[in-house]
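Read-outs: derived from the displayed coordinates by stated rules, not from any lab. Remember, predicted model here, so these are calculated numbers, not experimental data. As a convention, Cβ positions derive from the backbone with ideal geometry for all residues, glycine included, and neighbour counts pool all protein chains shown.
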Amino acid sequence: MSNNLASLLTDAAESYGDHPAVRLDDTTLTYDQLNGASAHVAGLLASKGIKPGDRVGIMLPNVPYFPVAYYGILRYGCTVVPMNVLLKGRETTFYLQDPEAKAIFAWHEFLESATVGAEAAGAEVIPVKPGEFEELVGAAEALTDVAEVAADDVAVILYTSGTTGSPKGAQLTHQNLRDNVVVTSETLIQTSTDDVILGALPLFHVFGMTCSMNTGVYGGALLSQIPRFDPKKALEIMQRDKVTVFMGVPTMFSAMLQVPDRDSYDTSSLRVCISGGSAMPVEVMRGFEEAFSCKVLEGYGLSETSPVASFNHPDKERKPGSIGTPIRGVEMKIGDDEGTEQPQGEVGQIWIKGHNIMKGYWKRDDATAEVMRDGWFATGDLGKVDEDGYFSIVDRKKELIIRGGYNVYPREIEEVLYEHPAVAEVAVLGVPHESLGEEVAAAVGLKAGAEATVEELRDFVKEQVANYKYPRHIWIVDELPKGPTGKILKREVKVPDSL
């Protein structure tokens, strides 16, 4: 068996070549067509003097060209550097200079930003424009062989969001990603050729890349894409394509729940829904399951863990509000900052060990050493484990609020606010306070047409939590800032000047 992750596609084409692999509205590629196109991409890279082992960027939205470029790069033996299409010139410069990329596949609408970075990095821009790209790739000789690579060779460099300092490139090997795909497919999603996966998660993000695209290809499923998530469009595609698997972040589930005429769409084909990326409020989970008659399985992982680390498994007890138990081949523990295991029920940092752990950060041995201890990876997330071995996230270590010496976990307060009938989305954070150190604050977005006063929301929480925990400061916002997957970005929440 080839170690190269691209063999997921070549194996799929051999087994079910005529089966549809990827769809975007009226465009559908079969596995044979996807496989053939990726072979031409490999030939295109060779014609440009790029060598196996070089890094190549992909700056594409959720369109069929993404898997074509992705598997073509891997097939040739290069390393993929996935990039958010919304990056500006200064950011693309870093994303291409840091890994010393030699080329970038860039969507025609974002060529300007991609070109700025490519020129600074000395990389070649390969424009991806419908119609023209087919001609460019078709003219290149098809390299049908899959390059030989070692299992621990780097397949993908994924840059973390860089909450502190510049982003770090998590090096994921062919083995990391393959093992994560196999375990995810076989034990969690159980994908087959009968499945249609809604491709709403961006493929440049590890959740979409591994769980939607690679897992779909491994099982011979159809990936039906949405270039930009829209809850109404998602429901339309679910009905049109008889979607069986929906994977998303909590804000996607919440948005679909709030579509006024959601009951008019036939979503009865849904077999399983997967939530990850951030903790799902229990109220959102209950509401979605009731409305769509489909079980939601919540899991946990990071870019550095390929990403899946733990899950509420379909064949075991599910605990809402929990991230489940470690997946096959992975260990997890609650430890202190040095990794010493803590007693059951105590809050501590989540540590992970297994086949999914990255090779290290690209050219950042110092940063790698900070998070690794004897094969264990420190996640930076605070959690606890119960008597049944189920883990739950308490909060990000960096987001813990210390108010007058007391620990306040934002997620706990967010859960309470989500129970208020008018609340659509929440971000609880700490703001500086002269004598207490930090005060609890909350930015709240309301459901369409709903009304609630700041006083009403404050009192609602005050009745349900200890006095030191409720938010003294609350402000109403039209919408909270979100990342590419729809995850709420607390670091970008603007605190009113009056506080």
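What the table shows:
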item: Relative packing of peptides 71-80, 223-232 - highest average C-beta neighbours within 10 Å first; result: 71-80, 223-232
item: Percent of Cα pairs exceeding the 11 Å cut-off, where the set is region 98-141; result: 64 percent
item: Ellipsoid semi-axes in whole angstrom, largest first, where each is sqrt(5λ) of the Cα gyration tensor of region 182-294; result: 21, 15, 13
item: Folded to 0 to 90 degrees: helix 65-75 orientation relative to the chain principal axis, Cα; result: 70 degrees
item: Cα centroid separation, region 90-139 to region 427-499 (Å); result: 40 Å
item: Space enclosed by the convex hull of the alpha-carbon atoms of region 400-492, per residue, Å³; result: 96 Å³
item: Residues Trp362, Trp475 arranged by fewest to most Cβ contacts within 10 Å; result: Trp475, Trp362
item: Dimensions in Å of region 1-140 - Rg and Dmax from alpha carbons; result: 14.6, 44
item: Region 400-492 - share of DSSP beta bridges that are antiparallel (%, nearest 5); result: 75 percent
item: Under 11 Å, Cβ to Cβ, from Ala170 - net charge with Lys/Arg +1 and Asp/Glu -1; result: +2
item: Estimated [θ] at 222 nm from DSSP helical runs (n ≥ 4, -39500 (n - 2.57)) normalised by residues in the chain, nearest 500; result: -8000 deg cm²/dmol
item: Net charge contributed by nearby residues that have their C-beta within less than 15 Å of Leu96 (K/R +1, D/E -1); result: -2
item: Length-normalised contact order for the chain - Cα pairs under 8 Å, 6+ apart - percent; result: 11 percent
item: Rule-of-thumb Rg ratio for region 89-165 [Cα; 2.2 N^0.38 Å; N residues]; result: 1.31
item: Span per principal axis, largest first, for the Cα atoms of region 253-300 (Å); result: 32, 21, 15
item: Kirkwood hydrodynamic radius over Cα pairs of the chain, then Stokes diffusion coefficient at 37 °C and 0.692 mPa s, in µm²/s; result: 140 µm²/s
item: Pairwise FRET efficiency - Glu370 versus Asp263, Cβ, R0 = 56 Å, nearest 0.05; result: 0.65
item: Protection-proxy order for peptides 32-40, 263-271, each taking the mean of Cβ atoms within 10 Å per residue, highest first; result: 32-40, 263-271
item: Cβ-based net charge around Tyr218, under 10 Å, with every Lys or Arg adding one and every Asp or Glu removing one; result: -1
item: Net dipole in debye of region 400-492 [+1 Lys, Arg Cβ; -1 Asp, Glu Cβ; about Cα centre; nearest 20]; result: 320 debye
item: Cβ-Cβ FRET estimate between Glu387 and Asn467, R0 fixed at 22 Å, reported to 0.05; result: 0.15
item: FRET efficiency, Thr27 to Asp337 (Cβ-Cβ, R0 51 Å, nearest 0.05); result: 0.55
item: Contour minus Cα-Cα distance for Thr187 and Lys447 (0.36 nm per residue); result: 90.0 nm
item: Anchor Lys319: lysines whose Cα lies under 20 Å away (excluding residues fewer than 8 positions away in-chain); result: Lys295, Lys333, Lys384
item: Above-threshold pairs, the threshold being 28 Å between Cα atoms, out of Lys359/Lys398; Lys353/Lys398; Lys168/Lys397; Lys51/Lys129; Lys233/Lys316; Lys168/Lys494; result: Lys233/Lys316
